[in-house]
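Since the structure comes first, as structure tokens, the remarks are kept for the end.
The values are calculated or read from the model by the stated rules, or taken from the named source; none is laboratory data. These numbers were taken from a predicted model, which means no experiment stands behind them. Reconstructed Cβ throughout: ideal geometry from the backbone, glycine too, with neighbour counts over all protein chains shown. What goes into the accessible areas is simple: the full protein's heavy atoms, side chains included, and nothing from ligands, DNA or RNA. Shrake-Rupley method; radii C 1.70, N 1.55, O 1.52, S 1.80 Å.
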Amino acid sequence: MTDIRGRLHIDPGPDQWLLSGAIDETSGLAELLGRAQNGRLVLDLGGVNFINSLGVRDWIRMQSEATRQNIAIELRRVSEPIIHQLNMIIATRGTSRVASFFAPYACDACGREESLLVDATSPGLVQLIAPPQKCPECAAEMAFNDFPERYFSFLVPEPARPG
Ligand SMILES: [Zn+2]
């Protein structure tokens, strides 16, 4: 059954929770931690198309609560709006692990632009090289449509701070 919180919909999946819509101050994300199984919570964010600044605060609260309660959050199919937050605000990453995420690609041959799924363990990502993708329209090789050093920076661990 769909759990509707403001503009966010939460649906149960086989072993994860499917989030879709917008994350804002009415989302109550920290309450999702109560659904963790054996200290693990898997969130599919493929349908999240917007997060506002109050939603970011709510998200950070969820992450810090998860760290405090020792709950491992796995994020799957993370949409572009969430990736932008992970890149801009370190606290949004918490101790969660990103398994896969969407990234912008463009086709030089036919002009198609598409958000395509990338496996976070793809070789090359640690060197900030976008994995190759085929255009769904014309099957030509697509070009990554952002700055890799910016878009993939959430995958690079922060250097440990002294003290
Ligand atoms: Zn194409």
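What the table shows:
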read-out	value
Unit charges at the beta carbon, dipole of the chain: most positive-side option, Ile60, Met88, Leu75	Ile60
Cβ-defined net charge surrounding Arg77, 13 Å radius [Lys, Arg +1; Asp, Glu -1]	-3
Carbon/sulfur fraction of accessible area - the stretch 1-106, other protein chains in place, 1.4 Å, %	53 percent
Rg in Å to one decimal, and Dmax rounded to a whole Å, for the stretch 69-122 via C-alpha atoms	13.5, 50
Highest-MSF residue in the chain out of Ser27, Ser153, Ser122 [GNM, Cα springs under 10 Å]	Ser122
Cα centre as origin, Lys/Arg/Asp/Glu Cβ charges: the chain dipole, Debye	540 debye
Dimensions (Å) - the chain, Cα atoms, principal axes, largest first	47, 46, 29
Most fluctuating residue given options Arg61, Arg40, Arg112, as computed from a GNM of the chain linking Cα atoms under 10 Å	Arg112
log₁₀ of I(q)/I(0) at q = 0.22 Å⁻¹ - the stretch 1-96, Debye sum with one point per alpha carbon	-1.19
For the stretch 21-137: accessible area per residue (Å², 1.4 Å)	49 Å²
Inter-label distance, nm, simple model (7 Å from Cα along the C-beta direction), Gln69/Leu117	2.7 nm
Among Pro123, Pro131, Pro104, residue whose mean-square fluctuation peaks in a GNM of the chain (springs only between Cα atoms under 10 Å)	Pro123
